[in-house]
Amino acid sequence: MKPYKESILIVDDSYDLLEVLQRQLQANGYHTYQASNVVDAIDVLKGSHVDLLITDMQMPGIHGLQLVKYAAEHFPKIPRLVITGFPSVSGAIEAVKSGAVDYLVKPFTQGELLQAVDTVLHTRRITKQANPKMSGTVSSYAGIIGVSDAFQKLIEVIGRVKDNRATVLVQGESGTGKELVARAIHYSGSFSKAPFIAVNCGAIPENLLESELFGFLKGSFTGANETRAGFFQAADGGTIFLDEIGNASSAVQSRLLRVLQEKEITMIGAVRPQKINVRVIAATNVDLYGMVQNGTFREDLYYRLNVVNLRIPPLRERMEDIPILARAFIQKFSREFQRDGITITEKAMELLMRHSWPGNIRELENVIQRAIIMCDGEISIEVLPDFLKYQISNETENSQELLSLQEVERNHIMRVLRAVGNNKTKAAEILQIDRKTLRQKIQ
Ligand SMILES: Nc1ncnc2c1ncn2[C@@H]1O[C@H](COP(=O)(O)OP(=O)(O)OP(=O)(O)O)[C@@H](O)[C@H]1O
Ligand SMILES: [Mg+2]
């Protein structure tokens, strides 16, 4: 499938981890080199063609950060992905400061690894590509796939903001691609070489968020045994992605306002602010304006964040994107599970088109992933989850006129028959009637 096998150098002092990473990457069509220390890694960098460097941080002898620095200086074209064992921010921050493009926090899944590798490698592909034409149908832009008008509009806005530092508020239901869009803005723009730091404001305990974001001085509170930079400092020159912004406490909100107004941050415990040059992209799946109205989110901050508003419509409002997305996911997972050549039947695609996808693109992705595992070369209705077959979307239910019992029965039978590709045994099973009764009813 891959026209060109990208080469990845993996550096880790643990042979077990090297082995696992090597297997997972090779299984997904990458060529790999291994090194268990920085000195060997530098030899490989000097002597071979490497497209991506993945390195652990903590290694006996020379620290992984030194390797990142070295590579950033001598091989700036090779993107650097860092694996850090620290669950906290400090390792990651140091890594991006030293020139890593992205980082993975241990433990991570194969999916997370491949996603990170793909994004980091993709970054280069995007920057190499000419800008996509905004006219005509673009079907993929920086990993965002679609054909709908909504998709076209989305990439048009991305094109407008990618090279400036305007603050962007991305709104959309869960699974609509908010983070993907934020990454696309950063990685396709002029500041893509600078760090992209994603912070999930909902996942960090409220009392820690402030110090993690802005950093703190030694002694500024109990437990502050050292001075430490925050996410904002780490993102300097690049982008900070504040996910689930609705979860920010009022203290964080007022500090954020100051960052946006004055372009400076004050570390906790510090008197003097420091200048900072960071693009802020915030995202939310809650009605932030509603929070403003009920007094839980600052109105002034809301307007500061909402300089450019990017609303990603739910999948059910752009059904025409489903086939191309489904096909892209089939390709992606066929490759991941080494099951090339998997196709999808027309009927199965029809069923995908009829679902209302409350979990949006993430849900579609999961359904396809499962179907690839369950199918033998072809995704048919049988390997799709049951809820796709019976679900009556709320919209149809609400908009339906009042019908007689007989009509409802007739419609429902037709629906089930369509869903199972006219297989009467299956339909009878679902309807919990015997085949004979079903035949009579059909007649
Ligand atoms: N247009 C798209 N093309 C291809 N993949 C997409 C698209 N939109 C979303 N995805 C994929 O769907 C999944 C969910 O996207 P993402 O994590 O960006 O959503 P989100 O809006 O941030 O969701 P949540 O609110 O739950 O955090 C990801 O795997 C992403 O790659
Ligand atoms: Mg998200």
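The values are calculated or read from the model by the stated rules, or taken from the named source; none is laboratory data. Being a predicted model, the structure only gives us computed values, none of them experimental. Here Cβ is always computed from backbone atoms with ideal geometry, including for glycine, and neighbour counts include all displayed protein chains. Each accessible area value is taken on the protein alone, full model and side chains, heavy atoms only, with ligands, DNA and RNA left out. Shrake-Rupley method; radii C 1.70, N 1.55, O 1.52, S 1.80 Å.
Of these, ALA95, ALA100, ALA130, which one is outside any helix (DSSP H, G or I), modelled with pLDDT under 80 and open to solvent by less than 20 Å² (accessible area, probe 1.4 Å)?
Within the list ALA95, ALA100, ALA130, the selection yields ALA100.
Could you list, in sequence order, the residues of region 163-176 that are open to solvent by 20 Å² or more (accessible area, probe 1.4 Å) and under 25 Å from ILE322 (Cα atoms)?
If the condition is that a residue be open to solvent by 20 Å² or more (accessible area, probe 1.4 Å) and under 25 Å from ILE322 (Cα atoms), then GLN171, GLU173, SER174 are the ones that fit.
ASP321 versus (1) more than 16 Å from ligand 2 (Cβ to nearest atom); (2) in a loop (DSSP other than H, G, I, E, B): which is the lone unmet condition?
Single failed check for ASP321: (2).
Tell me, which residue of region 254-272 that is more than 17 Å from GLY237 (Cα to Cα) and touching a strand residue (DSSP E or B) at 6+ places or on another chain (Cβ under 6 Å) is farthest from ligand 1 (Cβ to nearest atom)?
The selected residue is GLY269.
Which residue pairs have Cβ atoms under 6 Å apart, sit 6 or more places apart or on different chains, and have a first residue in region 345-362 that is farther than 14 Å from GLU382 by Cβ and a second that is of a type in the set (Val, Ile, Thr) and assigned to a loop (DSSP other than H, G, I, E, B)?
Hits for this filter: ASN360/THR176.
Identify all residues within region 281-295 that are without any contact (Cβ under 8 Å) to a residue 40 or more places away in the chain and part of a loop (DSSP other than H, G, I, E, B); write none if there are none.
Result: ASP287, ASN294, GLY295.
Would you say GLN58 is open to solvent by 60 Å² or more (accessible area, probe 1.4 Å) and part of a helix (DSSP H, G or I)?
no
Evaluate region 147-157: report whether one residue or more is within 16 Å of ligand 2 (Cβ to nearest atom) and buried (at least 21 other Cβ atoms within 10 Å of the Cβ).
Within region 147-157 (the criterion being within 16 Å of ligand 2 (Cβ to nearest atom) and buried (at least 21 other Cβ atoms within 10 Å of the Cβ)), the answer is yes, since at least one residue qualifies.
Might you let me know whether region 195-208 holds any residue that is within 16 Å of ligand 1 (Cβ to nearest atom), at pLDDT 90 or above, in contact with a helix residue (DSSP H, G or I) (Cβ under 6 Å, 6 or more places away or on another chain) and assigned to a loop (DSSP other than H, G, I, E, B)?
Looking through region 195-208, at least one residue is within 16 Å of ligand 1 (Cβ to nearest atom), at pLDDT 90 or above, in contact with a helix residue (DSSP H, G or I) (Cβ under 6 Å, 6 or more places away or on another chain) and assigned to a loop (DSSP other than H, G, I, E, B).
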